[in-house]
Each structure stands twice: as C-alpha cells, then as structure tokens.
Amino acid sequence: MSSPATTQVFDIRKLFYLLTIDTAAEFNFGESTGFLYTHGSHTASTVIGSPAGFAEAFNTSEEFLLRRGLAQRFYWTINPSKFRDANAKVQEVVNHYVHLALQPKHASKAQQVGHGHRQWRYVFLEALVSGTDDPKLIRDNLLNVLLAGRDTTASLLSSVFYFLARNMWVWEKLRREVTGNEITHARVKHLTYLRYVLNETLRLLPPVPVNFRQALKDTFLPAGGGQTRNAAIYIEKGDIVGYNVYAMHRRTDIWGADVHTFRPERWAENPPRALEFLPFNGEQYALVEASYTTIRLLQKFDTLETVEVDQFAEPRLQPNLVLAHRDGVHVRLYSSTKAARERVA
Ligand code: HEM
C-alpha cells in the first residue's frame, strides 16, 4: 500500500476495499487484481480492466441483490438494465479466470491439487477445477466466495481504524504489542490485545449485522414468547427466523452498562458465552488478513488521527449486504519522524 504523503487526510476505507478485492482475487483466482497499486492512476488498467469499472459493477450488483433479498419471493420484479449490465461486467471478469483455469495446462496443474500433491499455495479456483469442468458452477462458486470475503473484511478493517483513530490509548497500546518484533503467522494468534481490538470492533460494528435461519422441520425457540418473553415460540417447518447480531452485541444484560463504549479490555475481564457473540462462524482467514494489515500499518506509522469534530458520535452507517461506513473513514496516518524531517527541509 503506498504510504499517504505525510499528514494528508485520506479515506482509508477506500484503500481497504481495494486491498480486499486484490487479496480475495489472489485467493480465488491465484492472481491479484492489482487495484491497490493502480489506485490514483487514471490511465492505469489491470488484467481485468480499470479498478473503478469492476469495483463499481460489483457494488451495483450487491445493491440490487440486497433489494431483491428484501423482496423475498417477489425478487424477480427487481431486474433493471443497470443491474443486468453490472452483472454482465462482473461475470465477464470472472469468466476470464474460469476460462484460463479450464485450459489444458492449467487443468493439469489443478489435477495435481486433486491428487494431493503439495502446492506452494492454495488457489480456490484450481481446487474447484479439479472437481468439475462446468464453467457456470465454477463461476458461481467463485462469486460466492468473492462476495463473502471482500466487503466483510474491508468493513472490519475500516471499523478498526475508525475506532483506533478515536482512541489513541488503544492505538499506543497496540503499537507496543506489535512493534519491535518480527510478526510470523504463528505469532499473530498470540497477539492477545490485537485479538481483543478485533473482537471489540466486530462486537460494535459486526460486518454482517443481520442473519437468518430457515427451519428444516417443526421446532421451537426455547424463550422469547408470551407476555413475560420466557415462553417457547413454535416454529413451523419452512419458517424463516431472522436474528439481529448488531442488537444482540449491544445488550446491556450481556455486555454491561458501557455496552456502547469501545473498550477492548472487556474481553480480558468477561468473555461472552456461546451464542452471545456471533460476528461469523470462524473465518480464520479473515482474522489473519485483518490482523496482518493492522500490524503492518501500526509498524509503519506511529500517528493516527481523525478529523471529525464530534469524535464520539455514533458512526453513520449504510444499509447494504454488508455494514459499511456511509461517509468513509477519513484519517491522517503518518510517521511523525518523517513528517518532522519534511517540515525542517
Ligand atoms: C471480517 C470478515 C468476515 C465476516 C464478518 C464474515 C461473516 C460471515 C457470516 C456472518 C456468514 C454467514 C454464516 C452463516 O449464516 O452461517 C459468512 C459466510 C461465509 N463466509 Fe464469511 N465473513 C468474513 C470473511 C470471509 C472471508 C475472507 C471469506 C473467504 C475467503 C469468507 C467466506 C465465507 C463463505 C464461503 C461463507 C458461506 C457462504 C454461503 O453460505 O454460501 N468470509 N461469513
């Protein structure tokens, strides 16, 4: 990631969205989209076109998918040309990789994965190609994981820096934990305070704030019904039960009176019980990616500042498939020694 020029204010959220599309592409296709490097260059274009073109098409598709999801069985009534064009653009890009992978020389590489030979890294597309040669099935699976991994991790990272920029003592404490030591994959798991910071961020701003389950058979919820809310609730086979993770994570009976305060230390004092904290179902990859990005930025820059006047106002959020900061996360992130040197020069 190119470092911002000294003390300039910039929207770090935008960079995180480019970073996670690059890393998701690397994981899925075996090749980064390279958007972070071409960012800021109006003429640059990568193997799959301009960063703006693909990212915008992806965002447009997502917006309509949310509306269609809300319309439930009437989803098909929402199908304007803007949505169809955006889908076509996204599919064109993914097809490019699918066709490459289905070519004979790539397929033999993929079969090696299928036969258990050791590859130097895991590429989702190659694993898929070893199991099927149906281009549509492969494309749909790739899109599923691209969608699942991109916005969620960008949302988490944006929120981490949103909170860090407003809580300097947390930033300083984290810097003490991660600077001065070489950070290996194994060590990341032992950085306790970093894990508390990620958990506290996922608690207050869970990237997937609402979720649902559909009953496979007649059943009941043990509590929540009747006047006292302690009676069981009958659920019929096929019923859809929504649950609001955002609201659950802000219950004072679980988290205490300071539930709305960003305070990573609470994780050392009183870790939640099962089902009280549900940001996702164990995405290790996402936690390592978010940890590593945060660590590298902490190691490279010693100062993070927000330019918001009311620093402690609740963030303005955008309803989308994944929770997003509506107005971006505008910060200054710089090395104070480098800035001082430039002031003297
Ligand atoms: C902070 C980052 C992330 C968050 C908060 C998150 C959250 C979630 C949630 C809430 C679900 C639904 C689980 C359920 O209903 O049982 C989900 C599903 C999933 N996630 Fe993540 N996720 C993150 C990152 C990732 C990444 C990086 C990947 C892939 C590399 C990924 C792949 C998936 C997949 C494949 C599914 C299942 C989708 C399906 O049902 O077809 N996620 N994630």
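Only one of Tyr162, Tyr97 is surrounded by 13 or more Cβ atoms within 10 Å (Cβ to Cβ), within 16 Å of the ligand (Cβ to nearest atom) and at pLDDT below 85. Can you tell me which?
Exactly one residue qualifies, and that residue is Tyr97.
Restricting attention to the stretch 267-288, which residues are over 29 Å from Leu146 (Cα atoms) and in contact (Cβ under 8 Å) with a residue 40 or more places away in the chain?
Of all residues in the stretch 267-288, those over 29 Å from Leu146 (Cα atoms) come to 267-273.
Once the filter is applied, which keeps residues that are over 29 Å from Leu146 (Cα atoms) and in contact (Cβ under 8 Å) with a residue 40 or more places away in the chain, the stretch 267-288 yields Trp267, Ala268.
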When residues of the stretch 205-228 are limited to those that are over 30 Å from Leu164 (Cα atoms) and aliphatic (A, V, I, L, M), the one surrounded by the most Cβ atoms within 10 Å (Cβ to Cβ): Ala215
Residue, farthest from the chain's Cα centre (by Cα), within the stretch 292-334, restricted to residues that are acidic (Asp, Glu) and modelled with pLDDT of 85 or more: Asp302
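Mind listing just one residue for me: the one in the stretch 204-263 that is part of a loop (DSSP other than H, G, I, E, B) and touching a Ser or Thr at 6+ places or on another chain (Cβ under 7 Å) and, of those, farthest from the ligand (Cβ to nearest atom)?
We begin by selecting, within the stretch 204-263, every residue part of a loop (DSSP other than H, G, I, E, B); these are 205-209, 215-218, 226-230, 236-239, 249-251, 256-263.
In the following step, the residues that additionally are touching a Ser or Thr at 6+ places or on another chain (Cβ under 7 Å) were identified as 205, 207-208, 259.
Working: Leu205: 10, Pro207: 4, Val208: 4, Val259: 20 Å.
Selected residue: Val259.
Return the only residue of Ala186, Ala165, Ala148 being assigned to a helix (DSSP H, G or I), touching an Asp or Glu at 6+ places or on another chain (Cβ under 9 Å) and more than 18 Å from Leu333 (Cβ to Cβ).
Values: Ala186 fails: touching an Asp or Glu at 6+ places or on another chain (Cβ under 9 Å); Ala165 fails: more than 18 Å from Leu333 (Cβ to Cβ).
The unique qualifying residue is Ala148.
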Any hit, the stretch 170-191, residues being crowded, with 17+ Cβ neighbours inside 10 Å, more than 26 Å from Glu305 (Cβ to Cβ), modelled with pLDDT of 95 or more and away from the ligand (no atom under 16 Å from the Cβ): no
Any hit, the stretch 244-251, residues being touching a residue at least 12 places away in the same chain (Cβ under 8 Å), exposed (fewer than 14 other Cβ atoms within 10 Å of the Cβ) and under 21 Å from Trp169 (Cβ atoms): no
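Within the group Ala339, Ala257, which residue is at pLDDT 95 or above and of a type in the set (A, V, I, L, M, F, W, C)? Give the derivation first.
On the way: Ala339 fails: at pLDDT 95 or above.
Sole residue among the options that is at pLDDT 95 or above and of a type in the set (A, V, I, L, M, F, W, C): Ala257.
Evaluate the following for Thr337: is it over 23 Å from the mean Cα position of the chain (by Cα) and surrounded by 12 or more Cβ atoms within 10 Å (Cβ to Cβ)? Walk me through how you get there before you give the answer.
On the way: over 23 Å from the mean Cα position of the chain (by Cα): yes; surrounded by 12 or more Cβ atoms within 10 Å (Cβ to Cβ): no.
Judged against the criteria, Thr337 is not a match.
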Pairs with Cβ under 8 Å, 6+ apart, first in the stretch 289-300 and closer than 14 Å to Phe16 by Cβ and within 16 Å of the ligand (Cβ to nearest atom), second part of a helix (DSSP H, G or I) and among the hydroxyl-bearing types (Ser, Thr, Tyr): Glu289/Thr20; Glu289/Thr23; Glu289/Thr153; Ala290/Thr153
Answer residue from the stretch 128-144, given it is touching a residue at least 12 places away in the same chain (Cβ under 8 Å) and more than 15 Å from Val93 (Cα to Cα) and is nearest to the ligand (Cβ to nearest atom) among those: Leu128
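The values are calculated or read from the model by the stated rules, or taken from the named source; none is laboratory data. Everything quoted here is computed from the prediction, not taken from an experiment. Using ideal geometry, Cβ is built from the backbone for each residue, glycine included, and neighbour counts are taken over all protein chains shown.
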